[in-house]
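So the structure is just underneath, and the comments pick up after that.
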Amino acid sequence: MTSSIAASAVVLDETGGPDVMSLRPVEIGPPGAGELLVEVHAAGVNFIDTYNRSGLYPVALPFTPGSEGSGTILEVGDAMGDAMGDAAGDPAFAVGDRVAWVGGGRSYATDTVIPAASAFPIPEGMDLDIAAALPLQGLTAHYLIDAVYPLGPSDTCLVHAAAGGTGRLIVQMAKLRGATVIATVGSEAKAELAHSAGADHVIDYRAHPPTDGLVRAVEAIVGPTAVDVVYDGVGAATFDAGIALLRTRGTMATFGNASGPVEPITPLTLMPKSLILTRPRLFDFIAAPAERERRWSETLAWVRDGALDVHIGMRAPLDEAADVHRALESRATTGKLLLLAASGPEGAQG
Ligand code: NDP
């Protein structure tokens, strides 16, 4: 067993703008009971990382961002040994196994320690970049279309930021369920990506600004109050339009704050159409091992069969984490963003 290893990690000592993050030497490990020491291949960058960095979602300082990634196990925590594969259903992990994870934190690093319960085995032949792109956004898209509002062929859904990491996966999974998808995006290039994901209708909401313009644009396609469910990761800018467009007893799934948090509302706002409002988060839909395993294996199967296209829009080395956050927060990105732990500058390609 090692004591700890020398590594590099992106660290912030105070919350704030992207510049609070810097790459510096750190000591990592050893893994404790129920933990794995992992050599990171890629850390997935997610909008939640910007909320942690800015302080919108509080974190304990100093803090290393990154809720997901992929890599190779360097060491299995002491007390795990025979306890792996036990009645609790933990999969057995060994040194050298390739794993992806979500929820372990501290992924913007060359090496990290993750809870074994946050790890998934990566099937043979699956690319480590793709594996890093799936745990957070893939499982989020899965629980939204499967559990928050179980979509079917007779449903019409509205998906905002449909060229983004999560949005483009929601569009594809909604189409796999046979639903009609209206997608919103912020540019013509992003419209192409939403179309290629299978969206039936794509609206550039910069040309039809919220709230009235966006409502009219959607109504021109499906008529008034015809949307069964809104999957809204944009938040403040789009919430009111979604409420206006929902049918009686429709569902507003507001799952993110890319444009800022939604202002408080009174429940009476929901009364005229008996609307359902939910503000879900991934970890409540993967807490049970069987549910977590089902969401992961279904998502992987879609990727393996070619039904789910994972678009990686940006790869950058760890020391460019601040630039990647700037790009994400300025709406300049599409699809999944990865920080490649072992890459030099040649890793920073689109
Ligand atoms: P994306 O890749 O979707 O990037 C965010 C996109 O939001 C932008 O590209 C942009 O697309 C759109 N956007 C609209 N307005 C703004 C604005 N003012 N500032 C920045 N972006 C804006 O990010 P993620 O896929 O990582 O996350 C999408 C959302 O989903 C986030 O709100 C995130 O918090 C949420 N999320 C929630 C989870 C949960 O379980 N609750 C889990 C995972 C993600 P465009 O230019 O097309 O408008």
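Taking all protein chains together and rolling a 1.4 Å probe, Phe283 ends up with roughly 80 Å² accessible.
Whole angstrom only: what separates the Cα centroid of region 281-334 from the Cα centroid of region 225-256? Result: 23 Å between the Cα centres. In terms of its C-alpha gyration tensor, region 261-330 comes out oblate, because a/c is 1.5 or above while a/b does not outweigh b/c.
Could you tell me what percent of the accessible area of the chain is made up of carbon and sulfur, with a 1.4 Å probe and every protein chain present?
On the way: 7670 of 14300 Å².
About 54 percent, which is the carbon plus sulfur part of the accessible surface.
With only Lys, Arg, Asp and Glu charged, each at its Cβ (+1 for the first two, -1 for the last two), find how big the charge dipole of the chain is about the Cα centre; round to the nearest 20 debye. Walk me through the numbers on the way to the answer.
Details: 23 positive and 41 negative charges, 237 e Å.
Taking the Cα centre of the chain as origin, the dipole is about 1140 debye.
Of the residues Ile243, Ile276, Ile48, ranked by 1.4 Å probe accessible area with the largest first, the sequence reads Ile276, Ile48, Ile243. Across region 206-350, the relative contact order, built from alpha-carbon pairs under 8 Å that are at least six residues apart, equals 16 percent. Histogrammed with a bin width of 10 Å, the alpha carbon distances of region 143-258 distribute as 16, 55, 29, 0 percent, first bin at zero.
Any idea of the accessible area per residue across the chain, 1.4 Å probe, to the nearest Å²? Walk me through the numbers before you get to the answer.
Values: 14300 Å² over 350 residues.
About 41 Å² of surface per residue is accessible.
Rg and Dmax of the chain, based on Cα coordinates, read 20.3, 64 Å.
The values are calculated or read from the model by the stated rules, or taken from the named source; none is laboratory data. Not measured: the values here are computed from a predicted model. Virtual Cβ from ideal backbone geometry, glycine too; neighbours counted across all protein chains shown. The protein model used for the area step is the full one, side chains on, heavy atoms only, and it has no ligands, DNA or RNA in it. Shrake-Rupley method; radii C 1.70, N 1.55, O 1.52, S 1.80 Å.
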